[in-house]
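Q: The following block contains the structure, expressed as structure tokens.
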Amino acid sequence: MSATERTYIMIKPDGVQRNLVGKIIARFEERGYKLIALKFVQPTKEHLEKHYADLSSKPFFPGLIKYMVSGPVVAMVWQGIDAVKTGRAMLGTTNPLQSPIGSIRGDYAISVGRNICHGSDSVESAEKEIALWFPEGVIQWTSVLESWIIENN
Ligand code: UDP
Ligand code: MG
């Protein structure tokens, strides 16, 4: 397991509007993941269509793009052991009603089309999404806490 695995996490427009930015960031910090990129951005329709290109044939695609372009989002990259899979578990399931209590969607959302946050679903898509949202690159830095979070690091 790699301590340098990275995932792309995004707080969607409803998460921003509902003032959940701090709480969501805190969950990743407290779990032990390292923030290596962050920006507050109003994405364009074209950019979101690229981000969700795999879903372009789905019936919910137009509604998804309309939702996602409706306001600014917080784009982030978090790094640490099993970042992709654990990030997804922290988010919960796509439909918040099926999402466990304790997950972000399970605690803060009740509608699939207003589910607060995005997380990469594989290491491969994480790398693609990081390149799309952070063409300028990420910031590698040394955390003094690292040896208290990751053994033998
Ligand atoms: N979505 C939707 N209706 C659906 C399925 C998905 O509105 O029936 C939206 C929802 O916001 C979801 C996003 O499309 O988060 C992307 O779908 P995906 O299947 O990739 O779910 P995720 O990876 O976000 O859990
Ligand atoms: Mg997805």
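Q: Identify the residue in region 30-68 that is open to solvent by less than 50 Å² (accessible area, probe 1.4 Å) and closer than 16 Å to V16 by Cβ and, among all such residues, is farthest from ligand 2 (Cβ to nearest atom).
A: Top of the filtered list is V41.
Q: Any residue that is crowded, with 17+ Cβ neighbours inside 10 Å, over 20 Å from R27 (Cα atoms) and more than 16 Å from ligand 2 (Cβ to nearest atom) - is there at least one of those in region 75-88?
A: Within region 75-88 (the criterion being crowded, with 17+ Cβ neighbours inside 10 Å, over 20 Å from R27 (Cα atoms) and more than 16 Å from ligand 2 (Cβ to nearest atom)), the answer is no, since none of the residues qualifies.
Q: Would you check if I149 is more than 16 Å from the chain's Cα centre (by Cα) and of a type outside the set (S, T, N, Q)?
A: Considered against the rule, which asks whether it is more than 16 Å from the chain's Cα centre (by Cα) and of a type outside the set (S, T, N, Q), I149 comes out as yes.
Q: Next question, about the same structure. For region 108-137, how many residues are of a type outside the set (A, V, I, L, M, F, W, C), near ligand 1 (Cβ under 10 Å from one of its atoms) and outside any loop (DSSP other than H, G, I, E, B)?
A: At the first step, the residues of region 108-137 found to be of a type outside the set (A, V, I, L, M, F, W, C) are 108, 111, 113-115, 118-122, 124-125, 127-129, 135-137.
From the residues that got through so far, the ones that are near ligand 1 (Cβ under 10 Å from one of its atoms) too are 111, 113-115, 118-121, 125.
Subsequent filtering for residues that are outside any loop (DSSP other than H, G, I, E, B) retains 111, 114, 118-119, 125.
Total satisfying the criteria: 5.
Q: Oh, and also: Given the condition within 13 Å of ligand 1 (Cβ to nearest atom) and among the aliphatic types (A, V, I, L, M), answer yes or no: does some residue in region 74-82 qualify?
A: No: region 74-82 contains no residue that is within 13 Å of ligand 1 (Cβ to nearest atom) and among the aliphatic types (A, V, I, L, M).
Q: Something else: Restricting attention to helices (runs of 4 or more DSSP H) lying wholly within region 18-69, give those where 2 or more residues are under 13 Å from the mean Cα position of the chain (by Cα).
A: In region 18-69, 21-31 are the helices (runs of 4 or more DSSP H) which contain 2 or more residues that are under 13 Å from the mean Cα position of the chain (by Cα).
Q: Next up: Give the number of residues within region 100-134 that are open to solvent by 10 Å² or more (accessible area, probe 1.4 Å), under 17 Å from T7 (Cα atoms) and in contact with an Asp or Glu (Cβ under 7 Å, 6 or more places away or on another chain).
A: Final tally of qualifying residues: 1.
Q: Hey, another quick one. Among the residues of region 85-96, are any more than 10 Å from ligand 1 (Cβ to nearest atom) and part of a loop (DSSP other than H, G, I, E, B)?
A: no
Q: Cβ-Cβ below 6 Å, separation at least six or inter-chain, first residue in region 1-27 and under 19 Å from T94 (Cα atoms), second open to solvent by 10 Å² or more (accessible area, probe 1.4 Å) and in a loop (DSSP other than H, G, I, E, B): which pairs?
A: Taking only residues 6 or more apart or on different chains, the pairs are P13/S70; V16/P72.
The values are calculated or read from the model by the stated rules, or taken from the named source; none is laboratory data. This is a predicted model, so every value here is computed, not measured. All Cβ positions, even for glycine, are placed from backbone atoms using ideal geometry, and neighbour counts span all protein chains on display. These accessible areas exclude ligands, DNA and RNA; they are computed on the full protein's heavy atoms, side chains included. Shrake-Rupley method; radii C 1.70, N 1.55, O 1.52, S 1.80 Å.
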